[in-house]
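**Q** Once you've had a glance at the structure underneath, I'll fire off some questions.
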Amino acid sequence: MSADNGTWALRLLALALAVGAWFFVSVGERERRSETLVEPFVQYNTPRNLTILNPQEKVRVQVRGPTSKISNLNPFQINVVVDLRSAAPGTAEVNLGPENVVLPDGLEVVSIQPNLLPITLDRVVTEMKPVEPRLTGEPAAGAIVQNPEVFPPLVLVSGPESRLSELTALTTTPVRLTGHALDFEEQAAVVSPDPQVKVLQPAVVTVKVPMQIPNTGTPGGP
């Protein structure tokens with residue numbers, strides 16, 4: 001074998017070894033994959049005049065990818081997005097698939113649970129609703145509470161039409177009677193009994209509490 005032939009043989013052998021090493025390393029890297037389970041929040045895109053009565057806040061997503069990326073994965077990097085911008089009021093079922101999941105590059109969705117979300121959409125309306133004072137404690141010196149009043153008596157609220165139709169009145173934060181024997185007034189915040197019903201204005205009202213001193217028949221005011 002000539003020197004030239006020997007050199008070419010060595011070169012080919014080195015090339016074959018390099019390709020083989022690359023192949024085994026590449027295959028090894030591809031095989032080092034793992035999975036993890038995350039629970040991302042569901043983001044709903046809805047029309048401005050509609051709201052969801054029963055939103056599913058989270059789902060479970062099984063994710064697969066290179067072990068290095070899985071081990072460094074931050075759950076907040078994953079989002080589940082549901083587009084309801086063309087939806088109408090009523091009840092429907094939304095199918096979740098990989099296209100609803102926003103993932104970092106190199107990762108894939110294995111499964112989503114639940115993958116079927118029942119959704120009820122309702123119109124958002126605004127209405128005036130009465131406010132009732134919430135009185136707590138016992139007056140001093142046996143004084144008797146007369147008819148308390150709230151100023152203003154009505155507040156503007158916003159929420160799902162069906163929820164507002166069932167809502168007769170809102171209440172205030174507690175107004176304590178303890179230590180009071182004479183007429184008094186106090187400011188109190190308006191409290192919504194439903195997290196989907198928002199108090200727009202005013203958020204604070206004045207509660208006037210008339211008192212009567214027993215056995216005299218006279219008002220408790222000065």
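**Q** Yes or no: region 129-149 includes at least one residue that is in a loop (DSSP other than H, G, I, E, B), among the basic types (Lys, Arg) and open to solvent by 30 Å² or more (accessible area, probe 1.4 Å).
**A** Quick first cut of region 129-149, residues in a loop (DSSP other than H, G, I, E, B) only: 133-134, 137-139, 143, 146-148.
So of that shortlist, the ones also among the basic types (Lys, Arg) come out as 134.
If we keep only those that are open to solvent by 30 Å² or more (accessible area, probe 1.4 Å) as well, we get 134.
There is at least one residue in region 129-149 that is in a loop (DSSP other than H, G, I, E, B), among the basic types (Lys, Arg) and open to solvent by 30 Å² or more (accessible area, probe 1.4 Å).
**Q** In region 85-112, what count of residues is obtained for those that are assigned to a strand (DSSP E or B) and either touching a helix residue (DSSP H, G or I) at 6+ places or on another chain (Cβ under 7 Å) or open to solvent by 40 Å² or more (accessible area, probe 1.4 Å) (or both)?
**A** From region 85-112, those assigned to a strand (DSSP E or B) are 90-95, 101-102, 108-112; that's our starting set.
With either touching a helix residue (DSSP H, G or I) at 6+ places or on another chain (Cβ under 7 Å) or open to solvent by 40 Å² or more (accessible area, probe 1.4 Å) (or both) added as a condition, the list becomes 91-93, 95, 102, 108-111.
Qualifying residue count, region 85-112: 9.
**Q** Only one of these is modelled with pLDDT under 90 and more than 16 Å from the chain's Cα centre (by Cα): 32, 64. Name it. Quick ask: steps written out before the conclusion?
**A** Working: 64 fails: modelled with pLDDT under 90.
Unique residue meeting the criteria: 32.
**Q** Next question. Kindly indicate which of 219, 214 is farther than 17 Å from residue 51 by Cβ, touching a helix residue (DSSP H, G or I) at 6+ places or on another chain (Cβ under 9 Å) and either open to solvent by 50 Å² or more (accessible area, probe 1.4 Å) or modelled with pLDDT under 95 (or both). Steps first, answer last, please.
**A** Numbers: 219 fails: touching a helix residue (DSSP H, G or I) at 6+ places or on another chain (Cβ under 9 Å).
Result of the check over 219, 214: 214.
**Q** Just for region 150-166: of the residues that are assigned to a strand (DSSP E or B) and open to solvent by 70 Å² or more (accessible area, probe 1.4 Å), which one is nearest to residue 213 (Cα to Cα)?
**A** First, the residues of region 150-166 that are assigned to a strand (DSSP E or B): 150-151, 154-160.
Restricting the remaining residues to those that are open to solvent by 70 Å² or more (accessible area, probe 1.4 Å) gives 151, 154.
On the way: 151: 24, 154: 30 Å.
If we take residues in region 150-166 being assigned to a strand (DSSP E or B) and open to solvent by 70 Å² or more (accessible area, probe 1.4 Å), then 151 is nearest to residue 213 (Cα to Cα).
**Q** Somewhere in region 167-175, is a residue polar (S, T, N, Q), open to solvent by 70 Å² or more (accessible area, probe 1.4 Å) and in a helix (DSSP H, G or I)? Spell out how you get there, then give the answer.
**A** Applying the first criterion (polar (S, T, N, Q)) to region 167-175 yields 168, 171-173.
In the following step, the residues that additionally are open to solvent by 70 Å² or more (accessible area, probe 1.4 Å) were identified as 168.
Checking the rest, the ones that are also in a helix (DSSP H, G or I) come to none.
Looking for residues that are polar (S, T, N, Q), open to solvent by 70 Å² or more (accessible area, probe 1.4 Å) and in a helix (DSSP H, G or I), one finds none in region 167-175, hence no.
**Q** Here is a further query. Report whether or not residue 125 is free of Cβ contacts under 8 Å to residues at least 60 places away in the same chain, part of a strand (DSSP E or B), open to solvent by less than 30 Å² (accessible area, probe 1.4 Å) and not aromatic (Phe, Trp, Tyr). Let's see the steps before the verdict.
**A** Numbers: free of Cβ contacts under 8 Å to residues at least 60 places away in the same chain: yes; part of a strand (DSSP E or B): yes; open to solvent by less than 30 Å² (accessible area, probe 1.4 Å): no; not aromatic (Phe, Trp, Tyr): yes.
For residue 125, the condition - free of Cβ contacts under 8 Å to residues at least 60 places away in the same chain, part of a strand (DSSP E or B), open to solvent by less than 30 Å² (accessible area, probe 1.4 Å) and not aromatic (Phe, Trp, Tyr) - is not met.
**Q** Would you please name the residue that is farthest from residue 97 (Cα to Cα), looking only at residues in region 33-55 that are open to solvent by 70 Å² or more (accessible area, probe 1.4 Å) and assigned to a loop (DSSP other than H, G, I, E, B)?
**A** By that ranking, first place goes to 49.
**Q** Also: Just one of (1) surrounded by 15 or more Cβ atoms within 10 Å (Cβ to Cβ); (2) over 25 Å from residue 194 (Cα atoms) trips up residue 60, so point out which.
**A** Condition not satisfied by residue 60: (1).
**Q** Right, here's the next one. So residue 100 fits all but one of (1) closer than 20 Å to residue 39 by Cα; (2) in contact (Cβ under 8 Å) with a residue 60 or more places away in the chain; what number is the exception?
**A** That leaves (2) as the condition not met.
**Q** Out of the residues in region 176-196 meeting the condition of being more than 25 Å from residue 55 (Cβ to Cβ) and not in a loop (DSSP other than H, G, I, E, B), tell me which one is least open to solvent (accessible area, probe 1.4 Å). So that I can check it myself, show each step before the final result.
**A** Initial filter on region 176-196 (more than 25 Å from residue 55 (Cβ to Cβ)): 176-189.
Pick out the ones that are also not in a loop (DSSP other than H, G, I, E, B) and you get 176, 184-189.
Details: 176: 138, 184: 27, 185: 118, 186: 64, 187: 138, 188: 4, 189: 38 Å².
Step by step, filter region 176-196, then rank; the result is 188.
**Q** Hey, among the residues in region 72-84 that are of a type outside the set (A, V, I, L, M, F, W, C) and surrounded by 10 or more Cβ atoms within 10 Å (Cβ to Cβ), which one's nearest to the chain's Cα centre (by Cα)? Write out each step before concluding.
**A** Going through region 72-84, the residues of a type outside the set (A, V, I, L, M, F, W, C) turn out to be 72, 74-75, 77, 79, 83.
Next, from what is left, pick out any that are surrounded by 10 or more Cβ atoms within 10 Å (Cβ to Cβ): 72, 75, 77, 79, 83.
Values: 72: 26, 75: 16, 77: 17, 79: 13, 83: 16 Å.
Checking each candidate, the answer is 79.
**Q** So, of the residues in region 197-211 that are part of a strand (DSSP E or B) and in contact with a Gly (Cβ under 9 Å, 6 or more places away or on another chain), which turns out to be surrounded by the fewest Cβ atoms within 10 Å (Cβ to Cβ)? Steps first, please.
**A** Here is the first cut: in region 197-211, the residues part of a strand (DSSP E or B) are 198-201, 204-209, 211.
Imposing the further condition that a residue be in contact with a Gly (Cβ under 9 Å, 6 or more places away or on another chain) reduces the set to 198, 211.
Working: 198: 14, 211: 21.
Filtering first and then ranking leaves 198.
The values are calculated or read from the model by the stated rules, or taken from the named source; none is laboratory data. Keep in mind it's a predicted model, so treat the numbers as computed, not measured. Please note: Cβ atoms are built from the backbone with ideal geometry, for glycine as well, and neighbour counts cover all protein chains shown. Side chains included, ligands, DNA and RNA excluded: accessible areas come from the protein's heavy atoms. Shrake-Rupley method; radii C 1.70, N 1.55, O 1.52, S 1.80 Å.
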